[in-house]
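Inspection log for the structure reproduced underneath, given as structure tokens.
The values are calculated or read from the model by the stated rules, or taken from the named source; none is laboratory data. Keep in mind the model is a prediction, meaning the values are calculated, not measured. Here the Cβ positions follow ideal geometry from the backbone for every residue, glycine too, while neighbour counts run over all protein chains shown.
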Amino acid sequence: MSPSRASHLIGGRLRNPITERLTDRPDHTLVGVIRMPEVTISPVRSIVRRIIGAGLALAVTVAIVYIGRDGYRDTAGGELSLLDVVYYATVSLSTTGYGDITPVSPLARLVNVLVITPLRVLFLIVLVGTTLEVLTERSRQALKIQRWRTKVRDHVVVIGYGTKGRSAVTALLGDGADPQRIVVVDTDHAALETASSLGLVTVNGSGTRSDVLRVAGVTRARAIVVAPARDDTAVLVTLTARELAPKAQLVAAVREAENVHLLRQSGADSVVVSSETAGRLLGMATSTPSVVEMFEDLLTPDVGLAIAEREVDPKEVGGSPRHLPDIVLGVVRAGELYRVDAPEADAIEDGDRLLYVKKVTPAES
């Protein structure tokens with residue numbers, strides 16, 4: 001086969017490493033593509049754990065040999081003392097083996113084969129744990145990826161972890177979302193490292209590829225946030241994501257207002273114009289800075305005021321949303337939003353949801 005061809009024969013079939021679909025690959029090969037959040041351990045704590053493990057292996061070996069010391073022979077003669085047993089266990093586990101103390105009875109030799117030899121291997125694993133930790137870490141990652149892919153449901157996929165994507169994740173976490181139920185898709189390794197440090201699941205790949213989005217679980221996602229740097233990329237990502245997840249809530253961000261209709265035609269439920277919104281706030285700040293400050297307070301979920309949505313209390317059905325203790329901004333009915341001054345929102349109906357302003361205390365955040 002010519003080496004110029006970018007393909008390999010693996011498992012009896014022709015595989016192209018460039019165009020190969022991620023969804024066709026087994027889970028263990030996705031280590032490096034999907035990254036599960038890790039609990040970091042300090043180097044000192046890791047070393048202490050290894051020392052404790054080595055000490056336990058040594059103690060178990062000493063106990064086993066001491067109990068069956070009658071089956072061992074010392075070239076110096078005499079019965080083995082506790083010190084002799086500790087000496088034998090140490091040189092045996094470290095594979096030094098001077099040969100001055102040897103198992104002679106069949107039982108002692110059987111114990112050496114079935115018990116002490118595995119302990120010797122365990123002892124060596126502890127000693128060279130730094131090298132083997134890389135291998136075991138990859139195996140752990142593969143297992144975690146396999147479990148995650150089979151169980152992930154109703155999560156949020158954030159495509160693009162730039163300024164807009166990070167802000168979206170911050171808002172989700174501020175609203176109490178579980179970090180492990182947020183998946184970030186990006187090609188920037190630095191951005192993925194930042195997302196992983198927050199406990200988020202990350203997928204390394206382009207959001208324009210359907211197989212990358214499938215690996216991220218888009219088909220089973222509750223919501224999708226499209227936040228790439230370019231508007232044309234946002235359109236393509238939205239088309240791809242909507243095809244895979246026709247029922248998911250899809251929110252997209254664009255820089256220019258003239259591209260909003262393209263995002264809506266591509267399947268976006270909501271479109272946020274980042275540059276126009278920022279420009280309006282900048283203009284308002286020159287004349288009414290307090291209004292901008294209030295907007296920032298409403299958009300920050302950590303403390304102060306925040307915009308929230310809740311179910312209607314049965315006692316509120318039939319009444320006007322303007323007469324409630326809460327500051328109601330709108331009524332959501334059958335998926336449609338009506339502003340509080342709209343005729344449809346004059347009376348609250350059963351099944352409605354209220355969009356209102358709530359006060360957030362530090363304890364809630």
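Is at least one residue of the range 315-329 at pLDDT below 85 and touching an Asp or Glu at 6+ places or on another chain (Cβ under 8 Å)?
Scanning the range 315-329, I find no residue that is at pLDDT below 85 and touching an Asp or Glu at 6+ places or on another chain (Cβ under 8 Å), so the answer is no.
Being β-branched (Val, Ile, Thr) and either touching a Leu at 6+ places or on another chain (Cβ under 7 Å) or farther than 11 Å from Val169 by Cβ (or both) is the filter; apply it to the range 184-196 and report the residue that is surrounded by the most Cβ atoms within 10 Å (Cβ to Cβ).
Residue satisfying both the conditions and the ranking: Val185.
Residue by residue through the range 212-234, note down the ones that are touching a helix residue (DSSP H, G or I) at 6+ places or on another chain (Cβ under 8 Å) and not in a loop (DSSP other than H, G, I, E, B).
Correct list: Val212, Leu213, Arg214, Val215, Val218, Thr219, Ile224, Val225, Val226, Asp231, Ala234.
Of everything in the range 175-221, what is over 13 Å from Ile34 (Cα atoms) and in contact with a strand residue (DSSP E or B) (Cβ under 6 Å, 6 or more places away or on another chain)? Give them in sequence order.
Gly207, Val218, Ala221
Taking the stated definitions as given, is Val312 within 37 Å of the chain's Cα centre (by Cα) and closer than 30 Å to Arg230 by Cβ?
No.
Quick one: in the range 179-208, of everything that is of a type in the set (Asp, Glu) and not in a helix (DSSP H, G or I), which residue is farthest from Tyr161 (Cα to Cα)?
The residue in question is Asp188.
Name the one entry in Glu258, Glu296 that is without any contact (Cβ under 8 Å) to a residue 12 or more places away in the chain and closer than 27 Å to Asp175 by Cα.
Glu296
For (1) at positive phi; (2) out of contact with any His (no Cβ under 6 Å at 6 or more places or on another chain); (3) of a type outside the set (D, E, K, R); (4) at pLDDT 90 or above, each residue gets a yes or a no:
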| residue | (1), (2), (3), (4) |
| --- | --- |
| Ala248 | no, yes, yes, yes |
| Ala252 | no, yes, yes, yes |
| Glu256 | no, yes, no, no |
| His261 | no, yes, yes, yes |
| Val272 | no, yes, yes, no |
| Ala278 | no, yes, yes, no |
| Leu282 | no, yes, yes, no |
| Thr286 | no, yes, yes, no |
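For the condition buried (at least 18 other Cβ atoms within 10 Å of the Cβ), part of a helix (DSSP H, G or I), out of contact with any strand residue (DSSP E or B) (no Cβ under 7 Å at 6 or more places or on another chain) and among the small types (Gly, Ala, Ser), what is the one hit in Ala54, Ala63?
Exactly one residue qualifies, and that residue is Ala54.
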